[in-house]
Amino acid sequence: MTTKKTLVAASLFATSLALIAAGWAPGAFASNDAQGDHHDEGDTIELNEAQIALAKLEISTAGPGTLRQTLPVYGRIEAMPSRTAVVHARYPGQILELRPDIGQNVSQGDVIATVEADDSLRPYKLLAPIDGTVVDRMASAGEATAGRPLLRIADYSKVWAQLAVFPSQASAVEVGQTVMLFGDNVQAEGVIDWIAPAADHGPARSARVVLENPDGRWVPESTVRAEIVTAETPANLVIENLSLQDIEGQRAVFVQDGQRFEAHPLTLGHSDGRMTEVLGGLEPGARYVTTNSYLLKAELEKSSAEHDH
C-alpha cells in the first residue's frame, strides 16, 4: 500500500508524538483525512518546521563510508602517573597549616602547607608540584608530619584506558589501531599507543589508549567497553543503522525533501553493526532521518490504518 499523508493539524501531531514517546501506541486518535490529501506518490509524511523540531529528528547525508571489523574488549580507566603527585614534608616537623581540602583545585606553585621544622623550629612552605585536584588528604594542621604523605593531587584532564587483550586476541591487536570506547554515558575514539610486552594481571596484556578528559566524564577505576578496529572496508554508499525501519516488510529509510519525508525501501549489503552498505534504493547525497525515525514510521502506520478504514 502506498499512501501520502499530508498533516496540517500541528497540534494533533504534537500530541501524537508526545504519546508515542511516552510509550503509547499510535493510532489512538481519530483519522484526520478531512484535513489531508491522498496521492499515490509513495509512503510520505509532510511536517511543518514546528513538528520537525518537536520530533527532534536528526538528519544525515548518504555517501561513501567505511565498514569496520572490530574486536570487542574490556578494560578500565586509570590516572596517568605523570599527572599525579603525593606531597610529603621536606623535613620532619609540625603542620602549621594545610590549606586545600579534598576536591579543591590547585595550580603548580601554589602554597598548600606550612610546616615548622623540628630541628630549626623555623617554618617552611610546601608548594603544589602540579596542577590538579586534591583527591586525598592524609593529615591536618597541628599534627606531626611523621614521614607520611600529606596530600595526593591528580590531574584527570587526560587519562588512560587500559584494555585487556587475551592471548587468543593478541595477533589481531597492534599499536596504531583505532579504538571506539564506551563508558557510563560517554564515548570516544582513540588510538592504541602502547601494548604491554607481557601480561601483568592474569593472562591478559594491556593495550593503552590515551583519552582527553577535560570534563571529567572518564572516571579513574571505572570499567570501559571498547571495540578495536582490526579491518576497514570502503563502501560507495552507507547509512547509519539507527535510521533503518521495517516498512511493509522491507528495510527502509525516510528521505527528507524540504518538509516531506518519504520512506525509501532499500537493497542492503554488508553491515558492521554501526553502518550498512546500500546497494540500491538511495542516491548519494540524499538526506535521511537517523534519530527518531521510528516516530515517522509510527505516524505512517497510523495514517495508513486510518485510510484503510
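What follows is calculated from the coordinates using simple rules that are stated; it is not laboratory data. Everything numeric here is computed off the predicted structure, so don't read it as measured data. Ideal geometry is used to build each Cβ from the backbone, glycine not excepted, and the neighbour counts take in all protein chains shown.
Quick notes on this structure:
- Each part gets one Cα centre, and for segment 90-143 versus segment 194-251 those centres are 42 Å apart.
- Over segment 146-214, volume per residue of the alpha carbon convex hull, in Å³: 148
- Long-range HN-HN contacts of G281 with modeled amide H, under 5 Å: T267
- Summing +1 for each Lys or Arg and -1 for each Asp or Glu among the other residues whose beta-carbon sits under 13 angstrom from that of G190 gives -2.
- Charged side chains reduced to their Cβ positions (Lys and Arg at +1, Asp and Glu at -1) give segment 87-135 a dipole of some 80 debye around its Cα centre.
- Interchain or long-range residues, amide H under 5 Å from L151's placed H: V87, M138
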